[in-house]
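Asks: Okay, handing you the structure first.
Derivation of every value follows stated rules applied to the coordinates shown; laboratory data play no part. Just so you know, these numbers come straight off a predicted model, no measurement behind them. Note: ideal-geometry Cβ built from the backbone for every residue, glycine included; neighbour counts use all protein chains shown.
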Amino acid sequence: MSQTVVDDAADGAGLGLVRPVDPKGDLRADPGIEPGTESGVAPGMDPARRSAPRRGVRFLLLRPGLLVSGLVVVLVVLASFWPGLFTSQDPLRGVPSQNFRGPSGAHWFGTDELGRDVFSRVVHGAQLSLKATLIAVGVAFVIGGLLGLVAGFVGGWVEDVVMRFVDVLLSIPALFLSLSLVTALGYGTVKVAVAVGIASVAGFARVMRAEVLRVRQAVFVEASRSCGARWYSVLGRHVLPNAMGPVIVLATLEFGTAVLAVSSLSFLGYGAPPPAPEWGTLISDGRNYLGNAWWLTTLPGLVIAATVLATNRIARALDGEWSRQR
């Protein structure tokens, strides 16, 4: 019986009616199937690359807090660059007859003692506060990163001198150091930002130095040196790119801390002069009316708290959650 079936299959193959079957079951023996498509993946397409967007979407859907944090940061950035998207009212124009109006549909955050719309002042104040925060983080990132890079890559007495200077900065509380610097530099948003940035240099220097020391001992760095690569080539092509990851995460985390520091100095009166609607200045102006106008301090304070918590949540996701998910 089995011999008859085999003979019939052979006769059919000879007539072109039956395709010969590869005894190993390899579908690539079929000339009608293109190589690389037997698994359902188009030629030249990396399966890991195709699944990366799906992993990203699943990563976000499983973390609603991260989605909300990203939305808050996006809204703050939009308010900083395009405040007209959120309000059309003038933050400096007041209507005395409408002073101390509570939150309502006409004034979402109420009005202040001069009848100015608080929501409009918060939205326009985001530009000043975010500008100062970005300058502060940029100063700390550049100066601290350079100090840590030099200390970790050069070593020797240079490392000792740089790290002792960093230890001195760490021994002084950041707020006190910022106060002393802004007193020496003078008042203003930019000067407050520079003072906050210098006070945050030590953390960036220590993280950068630790990463440079780790990468400098890697096998690929030693191989590059053994091949005769120049020191600046090793530094620019191997050490610096592989040491930047934790420093960038620290910059994201430091963004929230800088918002608090800039707002604190503005609250104390070192920021932009009135009637500039800086976030810290708004809270400082409203503290005298807590008894009858709680919204003057509470609602701007909630905006600051939401921004800080959102940036900290994003920094935590960048620090380890995404790499563990991958």
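Asks: Provide Rg and Dmax in Å for the range 181-234, with only Cα atoms included in the calculation.
Replies: When restricted to Cα atoms, the range 181-234 yields Rg and Dmax of 18.6, 53 Å.
Asks: Between R287 and A106, what length in nm is gained on full extension when 0.36 nm per residue of separation is reduced by their alpha carbon distance?
Replies: 62.8 nm
Asks: Now, a different point. In whole Hz and in residue order, list the ³J(HN,Hα) couplings for the range 105-121 that follow from phi through the Karplus curve 6.51 cos²θ - 1.76 cosθ + 1.60, θ = phi - 60°; x for Gly and Pro.
Replies: x, 7, 10, 4, 9, x, 10, 9, 5, 9, x, 7, 6, 5, 4, 5, 5
Asks: Please report, largest first and rounded to whole Å, the three semi-axes of the ellipsoid equivalent to the range 231-325, where each semi-axis is the square root of five times an eigenvalue of the C-alpha gyration tensor.
Replies: That gives 38, 17, 6 Å for the three semi-axes.
Asks: In a Debye calculation with equal point scatterers on the alpha-carbon sites of the range 206-270 and no solvent, what is log10 I(q)/I(0) at q = 0.18 Å⁻¹?
Replies: For the range 206-270, the Cα-only Debye profile gives -0.69.
Asks: Along the range 197-212, what does the Karplus equation 6.51 cos²θ - 1.76 cosθ + 1.60 (θ = phi - 60°) give for ³J(HN,Hα), rounded to whole Hz, x for Gly and Pro?
Replies: Once rounded to whole Hz, the list reads x, 5, 5, 9, 5, 4, x, 5, 5, 5, 5, 4, 4, 4, 5, 5.
Asks: Sticking with this one: Can you put W294, W231, W108 in order, fewest other beta carbons within 10 Å first?
Replies: Ascending number of Cβ neighbours within 10 Å: W231, W294, W108.
Asks: Could you run the Karplus curve 6.51 cos²θ - 1.76 cosθ + 1.60 with θ = phi - 60° over the range 254-268 and give me ³J(HN,Hα) per residue in whole Hz, x for Gly and Pro?
Replies: Each residue's phi maps through the Karplus curve to give 6, 4, x, 5, 5, 4, 5, 5, 5, 5, 5, 5, 5, 4, 7 Hz.
Asks: Another question, if that's okay. For the range 144-189, max minus min Cα coordinate along each principal axis, in Å, sorted largest first?
Replies: 39, 20, 13
Asks: Separation of the range 153-204 and the range 236-260 by C-alpha centroid, Å?
Replies: 17
Asks: Normalise the Debye intensity by I(0) for the range 58-191, one equal point scatterer per Cα, no solvent, then take log10 at q = 0.14, 0.17, 0.21, 0.22 Å⁻¹ and round to two decimals.
Replies: For the range 58-191 at q = 0.14, 0.17, 0.21, 0.22 Å⁻¹, log10 I(q)/I(0) is -0.91, -1.04, -1.16, -1.20.
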